[in-house]
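The numbers here are math on the coordinates, done by the rules we state, and not lab data. Keep in mind the model is a prediction, meaning the values are calculated, not measured. Cβ coordinates were reconstructed from backbone atoms using ideal geometry, including for glycine residues, and neighbour counts include every protein chain displayed.
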């Protein structure tokens with residue numbers, strides 16, 4: 001077994017042990033290897049194409065994206081629980097809508113599981129080129145809604161855009177010092193569901209899920225795959241999100257790390 005295979009195997013074991021209360025931390029070896037990846041990215045003359053280990057997913061990658069993310073992708077430690085839940089619970093023919101597109105990796109996994117185009121609702125304009133490249137590389141259809149989901153009326157909101165996009169935040173508080181603020185459109189969740197009639201709703205919006213509590217989840221949705229950011233929002237807010245989904249008729253199927261799968265009977 002190669003050293004890289006040993007690293008990936010150990011990382012996979014660590015992912016499976018993660019719980020609700022804390023985010024994973026980079027080890028000294030991780031930090032050293034991330035620094036090496038940063039040097040490689042700085043020397044690139046155009047994008048490179050990554051193949052996720054153990055996944056039928058390709059990711060075009062260039063120097064505009066963070067070195068940490070390239071390292072996590074290379075060792076199979078990017079949204080591993082979300083990718084597993086997509087494979088286990090999404091059915092062929094499902095219509096999927098994902099709130100929070102990232103660079104399109106989980107969206108492509110959802111699309112490959114359903115065999116249908118995916119609606120991505122993403123407010124961060126810096127991510128649109130990466131999302132489009134990732135979907136094109138994987139041959140998955142994309143409908144890109146350039147907005148954030150909200151509980152209230154349509155309008156606008158302030159998005160703090162960080163270089164490491166997972167630290168970007170919608171609304172007040174919690175944003176890194178280096179974030180640039182942009183104004184983005186907001187669309188009510190109920191309106192998005194009515195327009196696209198998804199059967200699967202996937203949500204990974206970095207703590208903003210709390211702001212959606214109380215929104216009606218349309219009858220077309222049979223399954224929600226929800227990353228609830230308990231280390232950031234706390235256990236009481238996590239309870240609020242879960243109770244909201246229960247009141248909307250969903251029951252818990254399983255929890256992996258911070259990722260929840262809930263379905264209507």
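Each listed q (0.17 Å⁻¹) maps to a log10 I(q)/I(0) for region 162-265, found by the Debye formula over equal Cα scatterers with no solvent: -0.84. All Cα-Cα distances of region 62-181, cut into 5 Å bins from zero to the largest, leave 2, 11, 19, 22, 21, 15, 8, 2, 0 percent in each bin in turn. One equal scatterer on each Cα of region 92-147, no solvent, Debye formula: the resulting log10 I(q)/I(0) at q = 0.13, 0.30, 0.31 Å⁻¹ is -0.24, -1.24, -1.31.
A helix-only calculation puts the chain at -10500 deg cm²/dmol for mean residue ellipticity at 222 nm, using -39500 (n - 2.57) for each DSSP H run of at least four residues, averaged over all residues. Normalising the average separation of contacting C-alpha pairs (under 8 angstrom, six or more residues apart) by the number of residues puts the relative contact order of the chain at 16 percent. Most tightly packed first, judged by the mean number of other beta-carbon atoms within 10 Å of their residues, the peptides 22-28, 55-61, 86-92 read 55-61, 86-92, 22-28. Taking every DSSP bridge with both residues inside the chain, close to 55 percent are antiparallel.
Put simply, when 199-205, 36-42 are sorted by average Cβ atoms within 10 angstrom per residue, most first, you get 199-205, 36-42.
Between the Cα long axis of helix 80-89 and the first principal axis of the chain there is an angle of about 50°, rounded to the nearest 10.
In plain terms, the C-alpha convex hull of region 80-264 casts an average shadow of 9.4 nm² when viewed from every direction. When the label point is put 7 Å from the Cα of residue 180 along its Cα-to-beta-carbon vector, which residues of region 116-130 have a backbone N closer than 16 Å? Of the residues in region 116-130, 124-130 have backbone N under 16 Å from the label point off residue 180.
Per-peptide packing, taken as the mean over residues of other Cβ atoms within 10 Å, places 43-53, 225-235 in the sequence 225-235, 43-53 from highest down. Relative to the first principal axis of the alpha-carbon coordinates of the chain, what is the inclination of helix 3-16, with its axis defined by its Cα atoms, in degrees from 0 to 90 and to the nearest 10? The helix 3-16 is inclined about 20 degrees to the chain. Taking Cα atoms only, the orientation of helix 235-247 departs from the longest principal axis of the chain by about 50 degrees.
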